[in-house]
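Engineer: Before I ask anything, let me first share the structure, which is written out below as structure tokens.
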Amino acid sequence: MTAAHVNVDIPALKRRHPLGPVVEAAGVELRGRGRVRQGLCPFHEETEGSFTVYADTQRWYCFGCGLSGDVLDFIQRTDGVDLPEAIRRLETSPERPVTTAVPARSSGIPEPAPLRDAALLTAAMRCYARQLQLCDPAQAYLASRGISAEAARRLGLGYSSGHGLHSWLTDAGLDGGRVLGSGLISEGRERFRGMIVVPDLVAGRVNWLAGRAIHPQARPRFQALPGAKPVLGLSRLPAAPPWIVVTEGLFDWLLLAGWSLPACAALGTQGMDRLASSLQDRPRVFLAFDSDDAGRAAASDLAGLLGTHRTRLVTLPRGVSDVGELGRDPHGRTVFLSLLNRAARAAR
């Protein structure tokens, strides 16, 4: 940081310039006025609206490209400037009104993510599982992605019809304030409505939820509970598997787990250092990330962190952009196993 900015109170600067208004001033239209708002990501081409702004943490995350950060990270990326210049631009820009209530911060220490209510989330997944049993289109969508009914039950998948969750939870003895504080209902609507709901399980209890819309025209296409994302599937792995596969996306992991392969998901291309820490005790790791530039770069970074002696990069067939696409191939599991064998034999 240059001398001109040494004495800048960064936390105070961020409080004067909340993330949401800065993002909107950059031309990103955000839907909603609650704690979580979404729009089209300015950092990659998309039509799904995966770019998410969290008012409670003043952070942004894109479920499409995996980029994330705070208001200064946003300015650096959108304007192509370094941190000192981003600070200068934020200092000299007009303060903008907050369009949604943002909790006041008393210090520069980031507030921790709210504790997730495992008992409530587990009860919610029972509701979603029941709704999946009653929804033929949701079952058909899973089948079209190569996820069998048996795999859906084993992985604890569900579906949100958008109706009945609040009543289900209150009938189970959970009070309304606890339900509203869970993040499952946003702006009076169920967060995962119209989506396949995927749980992250820890000791048999639900720790986190994500969803993907079953209808192509639905927006947003992806949703997740606010707060830090897990390494999806890590807690389900056997105690000492001889090898594991790390994928990039939600349905990549679902497909491999449905095939009973030891796998977990990074859920994006950011946070490779955190992911590497979680995988330090794994002797052999196959990295099956997306075939685009971001996926290849993230896989290369993770391999460097883990050590090339125990990592192998899985190269997808030409024309296949991610592991999840193999679910549409009736021979997809055989194809993927052959890719693993090829990667295992490759000299590093």
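The values are calculated or read from the model by the stated rules, or taken from the named source; none is laboratory data. These numbers were taken from a predicted model, which means no experiment stands behind them. Virtual Cβ from ideal backbone geometry, glycine too; neighbours counted across all protein chains shown.
Engineer: Only one of ILE244, ILE196 is outside the structural domain of LEU134 (by TED's automatic domain parsing) and β-branched (Val, Ile, Thr); which?
Structural biologist: Numbers: ILE196 fails: outside the structural domain of LEU134 (by TED's automatic domain parsing).
When all the criteria are applied, what remains is ILE244.
Engineer: Name every residue in region 288-321 that is out of contact with any His (no Cβ under 9 Å at 6 or more places or on another chain) and touching a residue at least 60 places away in the same chain (Cβ under 8 Å), in order of residue number.
Structural biologist: ALA298, VAL314
Engineer: Still on this structure, please answer the following. May I ask you to list the residues in region 322-348 that are among the basic types (Lys, Arg), without any contact (Cβ under 8 Å) to a residue 40 or more places away in the chain and in contact with a helix residue (DSSP H, G or I) (Cβ under 9 Å, 6 or more places away or on another chain)?
Structural biologist: Looking only at region 322-348, we keep the residues that are among the basic types (Lys, Arg), and these are 328, 333, 342, 345, 348.
Restricting the remaining residues to those that are without any contact (Cβ under 8 Å) to a residue 40 or more places away in the chain gives 342, 345.
Passing the criteria: none in range.
Engineer: Report the residue count in region 250-294 for those that are within 25 Å of ALA149 (Cα to Cα) and small (Gly, Ala, Ser). Full working, then the answer.
Structural biologist: Filtering region 250-294 for residues within 25 Å of ALA149 (Cα to Cα) gives 250-267, 288.
If we keep only those that are small (Gly, Ala, Ser) as well, we get 257-258, 260, 263, 265-266, 288.
Of the residues in region 250-294, 7 are within 25 Å of ALA149 (Cα to Cα) and small (Gly, Ala, Ser).
Engineer: Here's something else I'd like to know. How many of the residues in region 165-187 are in a loop (DSSP other than H, G, I, E, B), surrounded by 13 or more Cβ atoms within 10 Å (Cβ to Cβ) and at pLDDT 85 or above?
Structural biologist: The number of residues fulfilling the criteria is 5.
Engineer: Having 2 or more residues that are over 25 Å from ALA118 (Cα atoms) is the bar; report the strands (runs of 3 or more DSSP E) wholly within region 197-306 that clear it.
Structural biologist: 244-247, 285-288
Engineer: Here is a further query. Please enumerate the residues belonging to region 66-96 that are on the phi > 0 side of the Ramachandran plot and touching a residue at least 24 places away in the same chain (Cβ under 8 Å).
Structural biologist: Step one: list which residues in region 66-96 are on the phi > 0 side of the Ramachandran plot, which gives 66, 69, 80.
Listed by number, the list holds a single entry, GLY66.
Engineer: Then there is this: Of all residues in region 227-238, which are crowded, with 20+ Cβ neighbours inside 10 Å and either in contact with a Ser or Thr (Cβ under 7 Å, 6 or more places away or on another chain) or at pLDDT 90 or above (or both)?
Structural biologist: The answer is VAL231, LEU232, GLY233.
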